[in-house]
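S.K.: Below you'll find the structure I mean.
The values are calculated or read from the model by the stated rules, or taken from the named source; none is laboratory data. Note that the structure is a prediction, hence the values are computed from the model and not measured. A quick note on method: Cβ atoms are made from the backbone with ideal geometry, for glycine too, and the neighbour counts reach across all protein chains shown. Side chains are part of the model used for accessible areas, which takes the heavy atoms of the whole protein and leaves out ligands, DNA and RNA. Shrake-Rupley method; radii C 1.70, N 1.55, O 1.52, S 1.80 Å.
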Amino acid sequence: MTQRADAVVVGGGQAGLAAGYHLRRLGVDFVVLDAESAPGGAWQHTWDSLHLFSPAAYSSLPGRIMPAQPGETYPDAQHVVDYLADYEKRYELPVHRSVQAQAVHRDGGRLRVETDVGDWSARAVVSATGTWSRPFLPAVPGRDLFTGRQLHTVAYRRPQDFAGLGIPPGRSRSGRVVVVGGGNSGAQIAADLALAGIDLTWVTQPPPRYLTDDIDGRVLFDVATARRRALDEGRTDTGGVASLGDIVAVPPVRKARDAGLLQAKPMFTQLTTMGVKWADGTTAEADAVIWCTGFRPALAHLAPLGLRGPRGRIATNGTRAVAEPRLHLVGYGDWTGPASATLIGVGRPARDAAREVAAFLAD
Ligand SMILES: Cc1cc2nc3c(=O)[nH]c(=O)nc-3n(C[C@H](O)[C@H](O)[C@H](O)COP(=O)(O)OP(=O)(O)OC[C@H]3O[C@@H](n4cnc5c(N)ncnc54)[C@H](O)[C@@H]3O)c2cc1C
């Protein structure tokens, strides 16, 4: 049986909840469909030591300040999960869990959201599926030759998994790990391993660019907002956050860096059966390679709409898909609103999307 709502939000992480908050305030009849069996979106699956790069109050969704975590300036991921669970309960958001949207089709004047447990028919769809379910791995020669363990950021949990445990029989027990990637995930995972005494080779391209130690998520949000304002007012683009650096020097990264444990090497050119090899012929043996090489937007469910553009993105005007005005995209990154892939930044694009959906439905 096909169920009906005026709007369907696909994805119940922070972006979907922020959209739901505003849709509810505007009196829209909507549901949120979320593939997870529990609240918290991707925050349920991060590594054990992950802490936010902003204090709690600067990591808040619309309507409700994130409470501080006792004893922590920068809350951990479980604190975010708890906050999101409380948020959806507090605002009575109609989240349907363990529901995977598989395809969105045009269906006359409506959109049909096909899921693994039945269809929903809606007049508008907000897609808020994040990026965590689409890890990106670069095509590097020899990836299929390497006999050690390969994993992406999404599968990393803790250094102890590499201190002998989980390493295939017959290989070294020393836990030699190559971490690939010079972004925040790469730096934080490299620091996590190095501080635990794992034999680390950190590979980045280009060399790591640390933000100064006094810059955290608060400053980044202010910079992203100022950039948006400048662009809106036709002033010169200052380059925003990217012009400042790539890596927020969160306390563990700072500690490992200052102890000389984060010496980055340039990117290798190939994997071998036993490790990695650089262009000049030097090699490093490894038991595991961790690819901290980013994500792509999880938009496979939108494929039937034929909207896909370069880098797997969809052309948008604000959050609205240019070629499908009944579809909005929220939370995927700056291309769907400045800092929209952060807790504090997603509020504004979520509000804009909800307002446009409400106006469209009223038309
Ligand atoms: C390592 C890391 C550290 C970060 N640190 C910070 C930080 O300190 N501060 C900050 O503000 N931001 C941080 N971010 C960025 C951002 O806040 C998170 O990535 C956040 O999880 C994005 O929220 P989201 O709702 O867009 O996506 P998600 O949290 O991924 O939620 C998307 C939801 O949609 C569901 N879904 C996906 N596809 C479907 C489908 N087809 N049908 C139904 N449901 C679907 C998923 O199961 C999930 O529940 C960090 C990101 C990463 C990767």
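S.K.: Determine the percent antiparallel among the DSSP beta bridges restricted to region 1-107, to the nearest 5.
M.R.: Antiparallel bridges make up about 30 percent of those DSSP assigns within region 1-107.
S.K.: Take the Cβ-Cβ distance between Asp237 and Asp48 as r, set R0 to 41 Å, and report the resulting FRET efficiency rounded to the nearest 0.05.
M.R.: 0.60
S.K.: Nearest 5 percent is fine: what portion of the DSSP beta bridges confined to the chain is antiparallel?
M.R.: Once the DSSP bridges in the chain are tallied, antiparallel ones form about 45 percent.
S.K.: Would you please give the FRET efficiency between Asp214 and Ala259, computed as 1/(1 + (r/R0)^6) with r the Cβ-Cβ distance and R0 = 25 Å, to the nearest 0.05?
M.R.: 0.80
S.K.: Separate question: If packing is taken as the average number of other Cβ atoms within 10 Å across a peptide's residues, how do 120-131, 322-333, 305-316 rank, most packed first? Present the calculation step by step, with values, prior to reporting the outcome.
M.R.: Values: 120-131: 25.5, 322-333: 22.1, 305-316: 14.8.
Top to bottom by mean Cβ count within 10 Å: 120-131, 322-333, 305-316.
S.K.: Whole number in Å², please: accessible area per residue of region 279-330, 1.4 Å probe, ligands, DNA and RNA not counted.
M.R.: Value returned for region 279-330: 44 Å² of accessible area per residue.
S.K.: Identify all aspartates and glutamates with a Cα-Cα distance to Lys277 below 12 Å; exclude those on the same chain that are fewer than 8 residues away in sequence.
M.R.: Once the sequence-local aspartates and glutamates are set aside, what remains near Lys277 is Glu285.
S.K.: Please compute, over every Cα-Cα pair in the chain, the percentage with a separation greater than 38 angstrom.
M.R.: Counting every Cα pair in the chain, those more than 38 Å apart make up 22 percent.
S.K.: I'd like the carbon and sulfur percentage of the solvent accessible area for the chain, probe radius 1.4 Å, heavy atoms only, ligands and nucleic acids excluded.
M.R.: 51
S.K.: According to the Cα gyration tensor, what semi-axes, each the square root of 5 times an eigenvalue, does the equivalent ellipsoid of region 323-363 have, listed from largest to smallest in whole Å?
M.R.: 20, 11, 5
S.K.: Treating the angle as unsigned and between 0 and 90°, give the value, to the nearest 10°, between the Cα long axis of helix 347-362 and the longest Cα principal axis of the chain.
M.R.: Result, in degrees: 30.
S.K.: Hey, what number do you get for the chain at 222 nm if only DSSP H runs of n ≥ 4 count, each worth -39500 (n - 2.57), divided across all residues, to the nearest 500?
M.R.: Rounded to the nearest 500, it is -7000 deg cm²/dmol.
S.K.: Using alpha carbons only, how many angstrom separate the centre of region 316-334 from the centre of region 50-75?
M.R.: Between the Cα centre of region 316-334 and that of region 50-75, the gap is 28 Å.
S.K.: What is the sum of charges around Thr131, taking Lys and Arg as +1, Asp and Glu as -1, for the other residues whose C-beta is under 13 Å from the C-beta of Thr131?
M.R.: With Lys, Arg at +1 and Asp, Glu at -1, the net is +3.
S.K.: Compute the helix-to-body angle for 217-232: its Cα long axis versus the longest principal axis of the chain, expressed 0 to 90° and rounded to tens.
M.R.: Value to nearest ten degrees: 50.
S.K.: Here's something else I'd like to know. Expressed as an acute angle from 0 to 90° and rounded to the nearest 10, what is the orientation of the C-alpha long axis of helix 77-90 relative to the principal long axis of the chain?
M.R.: 10
S.K.: Which of the aspartates and glutamates could a cross-linker bridge to Lys255, judged by Cα under 20 Å and excluding same-chain residues fewer than eight apart?
M.R.: Asp48, Glu72, Asp76, Asp192, Asp199, Asp213, Asp214, Asp216, Asp246
S.K.: For region 187-318, give the share of DSSP beta bridges that are antiparallel, in percent and rounded to the nearest 5; count only bridges with both residues there.
M.R.: Roughly 65 percent of the DSSP beta bridges within region 187-318 come out antiparallel.
S.K.: Among all the aspartates and glutamates, which ones have a C-alpha under 13 Å from Lys265's C-alpha, if same-chain residues fewer than 8 places away are not counted?
M.R.: Within the straight-line cut-off, Lys265 pairs with Asp280.
S.K.: Something else about it: If you build a Gaussian network model of the chain, linking Cα atoms that sit under 10 Å apart, which residue out of Gly260, Gly347, Gly63 swings the most?
M.R.: Gly260
S.K.: Modelled label-to-label distance, Ala300 and His96, 7 Å Cα→beta-carbon offset: nm?
M.R.: For the pair Ala300/His96, the computed spacing is 2.1 nm.
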